[in-house]
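Trainee: Sharing a structure with you now.
The values are calculated or read from the model by the stated rules, or taken from the named source; none is laboratory data. All values reported here derive from a predicted model rather than from experimental measurement. When we count neighbours, we look across all protein chains shown, and the Cβ atoms used for this are built from the backbone with ideal geometry, even at glycine.
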Amino acid sequence: MSRTRVAFAGLGAIGRPMAARLTDRYDVAVWNRTAAVATEFARSHGATAAASPRELAAGAAAVFTCLPSSHEVAALLDGPEGLAAGLEPGAMLIDCTSGDPVTTGAIARKLEENGVAFVDAPVTGGVAGAEAGTLTAMVGGSPQAFALAESYLSAFAKTIIHVGPTGSGHALKAVSNAILAANILALADGLTALVKAGVPAATAVSVLNASNARSLASQQLIPERVLTGAYPKTFRLALLDKDARNAVDVFDAAHVPAPLLRRVSELLGNARAELGESADHVEVVRMAERLAGVEVRG
Ligand code: NDP
C-alpha cells in the first residue's frame, strides 16, 4: 500500500531532524534553498528532492515549511514555480517557522481562497527535541485545520496544543522566546557581577538552581554551554532577535507597554550587530562578559 506523501521545505538546524522523523511514517519530498542539502538528505533518508517549491507541493497531502521568518514563507509561496502553484485543493500547509501573525494572516487567507488549509505550528524543544520527537507545537488555526494537522505534527511533536486562531501560535512563540532571552540576559548580568564579587560561577549557578530564580537557562543552557565554554551552535542569535522583534509587534498590536521585553529586544539587536549572523543565541553572554571585563566559567 502506498504511503501518504508529505513535503518539507527548509532543512536547517531544526527543520532537518523534523523532516527526518516524518520519513518514518510518510513518503517525504524535500526542498531546500541550497539544493545540495536536499539532495544529501534525500539520499540518506530515502526521501525525494524536489527541483522547485511547486514540484515539492504537487501531490502532497501536507506541506511543512520551516524557514527563518514568515517573509521567506510568503516569498516561497509566490510565482509560477512557488509552493502555492503546486498545493492542491484539499491539501494543507503547516508552517513550523517561528513567524509573525500579520504576514501569516495574509498567507492563510490566500491559501484558504484556493481550498488549501493552513495552520501556524511553531515548535519549542530545540534540535535535541526534534531528534527525539518530543517537541511541543503551539498551533494557530481553525479547529478543523488543527484536527487535520495534529497527526502529521505527532511525527516530531509529543505535545500539540491548539492555542487559538490563525497567527496565535506565532504570537505565543514570539513572546515565549522574548521571555527566554530575558532569562539568558538576566543570568548574564547577574553572573558577571557575582564572579566579580568573588563568587565562583559554578557555585553561583548551583545556588540559583536551588532558588526561585531557576529556569531552563540556569539549569541547562548556562551549565552546559557557558560554564563549559562549549557554546554549541543550535539556534542562531539572529533568529532569537527576530522572535523578540515579532514579540514587540505583538505588544504594539495589543497596545501593551511591556517595557522589559522591549528592552530585551533592543539588547538582542545590539548583540546580533556585534556577534554576527552565525552566532548562537547563548553567545549573548559573551557580550555581557565583554562589558563586565570578566568570564563566566567553572
Ligand atoms: P537555520 O538558519 O539553521 O536554517 C534556515 C533554513 O531556511 C535553511 O534551510 C535555509 O536554507 C532556509 N532559508 C533561509 N533563507 C531562505 C530563503 N530566503 N528562501 C528559502 N529558504 C531559506 O534555521 P533553523 O532551522 O534553526 O530555524 C528554522 C525556524 O525554526 C526559524 O523560524 C527558527 O526561529 C525556528 N526554531 C528553531 C529552533 C532551533 O533550535 N534551531 C527551535 C525552535 C524554532 P539554506 O540551507 O539554503 O541556508
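Trainee: Looking at segment 271-278, can you tell me whether even one residue there is assigned to a loop (DSSP other than H, G, I, E, B), exposed (fewer than 12 other Cβ atoms within 10 Å of the Cβ) and not hydrophobic (A, V, I, L, M, F, W, C)?
Mentor: First pass over segment 271-278, keeping only residues assigned to a loop (DSSP other than H, G, I, E, B): 276-278.
Within this subset, residues satisfying the condition of being exposed (fewer than 12 other Cβ atoms within 10 Å of the Cβ) are 277-278.
With not hydrophobic (A, V, I, L, M, F, W, C) added as a condition, the list becomes 277-278.
Yes; the residues of segment 271-278 include at least one that is assigned to a loop (DSSP other than H, G, I, E, B), exposed (fewer than 12 other Cβ atoms within 10 Å of the Cβ) and not hydrophobic (A, V, I, L, M, F, W, C).
Trainee: Report, by residue number, each residue of segment 126-182 that is among the β-branched types (V, I, T), within 16 Å of the ligand (Cβ to nearest atom) and more than 20 Å from D24 (Cβ to Cβ).
Mentor: Once the filter is applied, which keeps residues that are among the β-branched types (V, I, T), within 16 Å of the ligand (Cβ to nearest atom) and more than 20 Å from D24 (Cβ to Cβ), segment 126-182 yields V139, I161, V163, V175, I179.
Trainee: In addition: Tell me which residues, restricted to segment 72-100, are near the ligand (Cβ under 9 Å from one of its atoms), of a type in the set (G, A, S) and part of a helix (DSSP H, G or I).
Mentor: Result: A75, single match.
Trainee: Now a separate question. Among the listed residues A20, A29, A38, which satisfies the condition of being part of a strand (DSSP E or B), in contact (Cβ under 8 Å) with a residue 24 or more places away in the chain, over 25 Å from A174 (Cα atoms) and under 22 Å from the mean Cα position of the chain (by Cα)?
Mentor: Being part of a strand (DSSP E or B), in contact (Cβ under 8 Å) with a residue 24 or more places away in the chain, over 25 Å from A174 (Cα atoms) and under 22 Å from the mean Cα position of the chain (by Cα) holds for just one of A20, A29, A38, which is A29.
Trainee: Further question on the same structure: Only helices (runs of 4 or more DSSP H) wholly contained in segment 109-206 count here; list those with 2 or more residues that are out of contact with any Ser or Thr (no Cβ under 9 Å at 6 or more places or on another chain) and charged (D, E, K, R).
Mentor: Correct list: 168-196.
Trainee: Any idea which of R263, R245, R286 is assigned by TED's automatic domain parsing to the domain that holds L187, within 26 Å of S69 (Cα to Cα), within 13 Å of the ligand (Cβ to nearest atom) and in a helix (DSSP H, G or I)?
Mentor: Details: R263 fails: within 13 Å of the ligand (Cβ to nearest atom); R286 fails: within 13 Å of the ligand (Cβ to nearest atom).
So the residue among R263, R245, R286 that is assigned by TED's automatic domain parsing to the domain that holds L187, within 26 Å of S69 (Cα to Cα), within 13 Å of the ligand (Cβ to nearest atom) and in a helix (DSSP H, G or I) is R245.
Trainee: Please specify each residue of segment 234-270 satisfying the condition of being of a type outside the set (A, V, I, L, M, F, W, C), under 24 Å from R297 (Cα atoms) and either without any contact (Cβ under 8 Å) to a residue 60 or more places away in the chain or in contact with a Phe, Trp or Tyr (Cβ under 8 Å, 6 or more places away or on another chain) (or both). Give the derivation first.
Mentor: First, the residues of segment 234-270 that are of a type outside the set (A, V, I, L, M, F, W, C): 234, 236, 241-243, 245-246, 249, 252, 255, 257, 259, 262-263, 265-266, 269-270.
Next cut, under 24 Å from R297 (Cα atoms) only: 234, 236, 270.
Selection gives N270 alone.
Trainee: Kindly evaluate A149 against the criterion of being in the same structural domain as R54 (by TED's automatic domain parsing), farther than 27 Å from Q220 by Cβ and either crowded, with 24+ Cβ neighbours inside 10 Å or in contact with a Pro (Cβ under 8 Å, 6 or more places away or on another chain) (or both).
Mentor: Details: in the same structural domain as R54 (by TED's automatic domain parsing): yes; farther than 27 Å from Q220 by Cβ: yes; either crowded, with 24+ Cβ neighbours inside 10 Å or in contact with a Pro (Cβ under 8 Å, 6 or more places away or on another chain) (or both): yes.
When the stated conditions are applied, A149 passes them.
Trainee: A further question follows. Quick one: count up the residues across segment 37-71 that are within 9 Å of the ligand (Cβ to nearest atom) and over 23 Å from K242 (Cα atoms).
Mentor: Residues in segment 37-71 being within 9 Å of the ligand (Cβ to nearest atom) and over 23 Å from K242 (Cα atoms): 3 in total.
Trainee: Looking at segment 183-192, is at least one residue aliphatic (A, V, I, L, M), within 16 Å of the ligand (Cβ to nearest atom) and in the same structural domain as A271 (by TED's automatic domain parsing)?
Mentor: yes
Trainee: Now, a different point. For segment 207-239, how many residues meet the condition of being in a loop (DSSP other than H, G, I, E, B), of a type in the set (A, V, I, L, M, F, W, C) and closer than 27 Å to P68 by Cα?
Mentor: Residues that pass the stated criteria total 2.
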